[in-house]
Amino acid sequence: MRKIVFVLIGILTTAIYATDVDEAFEALKNGDDAKAVKLYKKACESENMSGCTGLGVMYWYGSGVKKDIHKAVEIFKKSCGGKDAEGCNNLGFMYEQGEDVEEDINRALEYYAKACELKLEVSCKNYRDLKSETE
């Protein structure tokens, strides 16, 4: 019985997280960046890594918040560490391009590889392409 209760709590918790992220996406579509930030932040604080990645993007581009690259990187590292492939891919891109961070090809490869391991196909391609350019 206890196992069933924990499973149900997990399912309900996941549904709540998804709702915050879904609502944030809807807010973005409606042009309400400030609302999206609040919802992504709520999801991220609840350990929803997709919400963290969304929040990181908002800080990266300064949408609904003051642009803060350091905070974006910090949040992407959290989401990547929590196995969100998009967060890892974003870090890979930032380090590959030197976009708002110091260019670091080795770090870019590391983050692309992790995202690829998490089954994000675009990251597998990014990894292969960057690896072939550096050989």
- Message: I'd like to check something: does the stretch 90-99 contain any residue that is crowded, with 16+ Cβ neighbours inside 10 Å, acidic (Asp, Glu) and farther than 20 Å from residue 22 by Cα?
- Response: yes
- Given (1) of a type in the set (Val, Ile, Thr); (2) at pLDDT below 95; (3) farther than 30 Å from residue 130 by Cα, where does residue 37 come up short, assuming only one miss? (2)
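The values are calculated or read from the model by the stated rules, or taken from the named source; none is laboratory data. Because the structure is predicted, anything quoted here is derived from the model rather than measured. Glycine also receives a Cβ, built like all others from the backbone with ideal geometry; neighbour counts cover every protein chain displayed.
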